[in-house]
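What follows is one structure encoded as structure tokens, with my remarks underneath.
The values are calculated or read from the model by the stated rules, or taken from the named source; none is laboratory data. Keep in mind it's a predicted model, so treat the numbers as computed, not measured. Here the Cβ positions follow ideal geometry from the backbone for every residue, glycine too, while neighbour counts run over all protein chains shown.
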Ligand code: ATP
Ligand code: MG
């Protein structure tokens, strides 16, 4: 198995060593007492109004179910992200904002950010918004999005960010589910030179029955194009800021009070409103940020995720700012104006850590190395990925081309539900294996079980991934549906959190996420992960991106169906198809025969870049109606094209 050592230059400056990781991890899980002591120490990283004396109360027994962290502690999250940095570092950049157009950027210091958050907090209080009220944020990637999150945190309101690319209908359903009192939006959003009518979408959403809960709408001036404003309900953000003062006393929050709700990306069904708290979540976001990214004082950290999904909460906003780290926010897309943009931004702002998704990496790789090589990326020292398993091909390219072989890659596995990263090769703790999340973080106890729930011990084993103990960043409930929460996560394997993901522990005890449990195929009695077949397929030079799903098969039970996007310049023909099939069979074994192959232009992806496999499964089975909720797709027109391609071939 290919293994990559950490480069000597990285190793020399790293915060930890393999021995140190092993020692801290061991201590953190050894006994209930040492585990609690570990989390008590972690809580010291944040500033409390009242220090917690009770650390952990976790019981997964369904008759007596409890998850509480730091339950008698009191704090304010915005104070942790802002006020506490003002004494030493008032003028340090908190946010470096890079606009959609390369000529546009803004640098906002901690002092400036503090001032704006306080002003908005006061304006919201004046509108009657306070502790426990829900506020929907429907914004582009502009600094005002982070300001709004922190302003909610300051006054104790619960934010729920809805990705700016979602439709009016998706927005309405989230407003109704959360019963929000206030919506903060912008006139328009801009991505890749294209404008999205955010305010108009809000108006449409607020026409839907059930959204009467919304009393006011605040509108950020982004493009300046005229939008209808309704006199009593709507207010301009900048007017509110100008007319408010910056003395905004922070609300005292209990550690278990909710900080935000966030609807999951919905790749497996109806989105769930995941609830995260103030004390536990912040402790976990901050400490994992430090550990996983080997953070130093002068780092410039760039996470490309949108604030509309959890990565944008934990690693654009809360983790970096609570730690006093400069965070880069990018409004645009990697291909605008050209595919050289990511590298240009790294050079322009001296980015030292880049954290992005495999889907973006594969898209850049498809365009060839020349774009990346337009930049020198000398400031980079560490790379990260999140969101799905990264295929070794893309890992190699990320490592060799983007990171020039010098930057380690942290492949971070986690979920909206987990609040922060649960597994990653902590930099300099272990040699990296492309495609493996490697090791649990401190205090995290993963286990692999078979379908009966029997824990599989030792190395070289595969099954379903569970977590047997709690951690402070874990979700507390599904908003308004605690029953669904218990059923989804705590019923399948009693006494443990069920992740819904499959995993393998290799011969050295390292973890590999094999994809969602639903995505494991059973071909003639053999279990094969879709991720494994996808990796094999894209290791062929003609295939840029693929999605594998199962399809009904008379003889095999399940057959393998491949949707394939070819690299630029490749031509679809019988010879190529045969070659692709031969390639996969050679890589995995003859069992991995591609029973159907569709060459497509695009795959149906959620806004966070994940393939919505349930649609592909239906199409593969010849079902073209009742495709379910497609509102969270990035581009719904992809589905029509797919239907045409599949129909033509079946
Ligand atoms: P929903 O739960 O609504 O269906 P979702 O699972 O896509 O949507 P997220 O919480 O954003 O919503 O994604 C978490 C999932 O992403 C994980 O359960 C896992 O399947 C996948 N994932 C995330 N990071 C990694 C990684 N580094 N390696 C492998 N898989 C990953
Ligand atoms: Mg999920």
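Points to keep in mind about this one:
- Residues located in the stretch 433-462, provided they are more than 16 Å from ligand 2 (Cβ to nearest atom), in a loop (DSSP other than H, G, I, E, B) and within 27 Å of the chain's Cα centre (by Cα): 433, 434, 435, 436, 439, 441, 442, 443, 444, 445
- Of the residues 6, 96, 107, the single one that is touching a strand residue (DSSP E or B) at 6+ places or on another chain (Cβ under 9 Å) and part of a loop (DSSP other than H, G, I, E, B) is 6.
- Odd one out for residue 523 among (1) away from ligand 2 (no atom under 16 Å from the Cβ); (2) under 16 Å from residue 390 (Cβ atoms); (3) touching a strand residue (DSSP E or B) at 6+ places or on another chain (Cβ under 9 Å): (2)
- Among the residues of the stretch 582-591, those identified as closer than 18 Å to residue 526 by Cα, outside any loop (DSSP other than H, G, I, E, B) and touching a strand residue (DSSP E or B) at 6+ places or on another chain (Cβ under 9 Å) are 584, 585, 588.
- Single match in 420, 470 (criterion: away from ligand 1 (no atom under 11 Å from the Cβ), within 18 Å of the chain's Cα centre (by Cα), surrounded by 22 or more Cβ atoms within 10 Å (Cβ to Cβ) and modelled with pLDDT of 95 or more): 420
Residues are listed down the side, and each one gets a yes or a no for (1) surrounded by fewer than 21 Cβ atoms within 10 Å (Cβ to Cβ); (2) modelled with pLDDT of 95 or more; (3) closer than 30 Å to residue 555 by Cβ:
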position: 459; (1), (2), (3): yes, no, no
position: 462; (1), (2), (3): yes, no, yes
position: 475; (1), (2), (3): no, yes, no
position: 524; (1), (2), (3): yes, no, yes
position: 527; (1), (2), (3): yes, no, yes
position: 534; (1), (2), (3): no, no, yes
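Let's see how each residue does on (1) buried (at least 23 other Cβ atoms within 10 Å of the Cβ); (2) in contact (Cβ under 8 Å) with a residue 24 or more places away in the chain; (3) under 25 Å from residue 383 (Cβ atoms):
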{"site": "261", "(1), (2), (3)": "yes, yes, no"}
{"site": "264", "(1), (2), (3)": "no, yes, no"}
{"site": "330", "(1), (2), (3)": "yes, yes, yes"}
{"site": "336", "(1), (2), (3)": "no, yes, yes"}
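- The requirement of being more than 30 Å from residue 336 (Cα to Cα), surrounded by 24 or more Cβ atoms within 10 Å (Cβ to Cβ), modelled with pLDDT of 95 or more and under 26 Å from the mean Cα position of the chain (by Cα) is satisfied by residue 82.
- For the criterion of being more than 24 Å from residue 602 (Cα to Cα) and either within 16 Å of ligand 2 (Cβ to nearest atom) or assigned to a helix (DSSP H, G or I) (or both), residue 513 passes.
- The single residue among 34, 11 that is farther than 19 Å from residue 287 by Cα and more than 26 Å from the chain's Cα centre (by Cα) turns out to be 11.
- All positions within the stretch 539-564 that are part of a strand (DSSP E or B), surrounded by fewer than 19 Cβ atoms within 10 Å (Cβ to Cβ) and without any contact (Cβ under 8 Å) to a residue 60 or more places away in the chain: 553, 557
- Residues that are within 15 Å of ligand 2 (Cβ to nearest atom), under 25 Å from residue 98 (Cβ atoms) and in a loop (DSSP other than H, G, I, E, B), drawn from the stretch 260-311: 265, 309
- Residue 420 fulfils the conditions (1) within 27 Å of residue 260 (Cα to Cα); (2) out of contact with any helix residue (DSSP H, G or I) (no Cβ under 7 Å at 6 or more places or on another chain) except for a single criterion, (2).
- Of the residues making up the stretch 384-432, those that are in a helix (DSSP H, G or I) and more than 18 Å from residue 294 (Cβ to Cβ) are 392, 393, 394, 395, 396, 397, 400, 401, 416, 417, 418.
- Counting only residues that are in contact with a strand residue (DSSP E or B) (Cβ under 9 Å, 6 or more places away or on another chain) and within 16 Å of ligand 1 (Cβ to nearest atom), the stretch 245-284 holds 17 of them.
- Residue match in the stretch 357-379 (condition: closer than 20 Å to residue 292 by Cα and away from ligand 1 (no atom under 16 Å from the Cβ)): yes
- Residues within the stretch 233-259 that are over 17 Å from residue 113 (Cα atoms), in contact with a helix residue (DSSP H, G or I) (Cβ under 6 Å, 6 or more places away or on another chain) and assigned to a loop (DSSP other than H, G, I, E, B), tallied: 2
- Any chance residue 546 is in contact with a helix residue (DSSP H, G or I) (Cβ under 9 Å, 6 or more places away or on another chain) and under 14 Å from residue 435 (Cβ atoms): no
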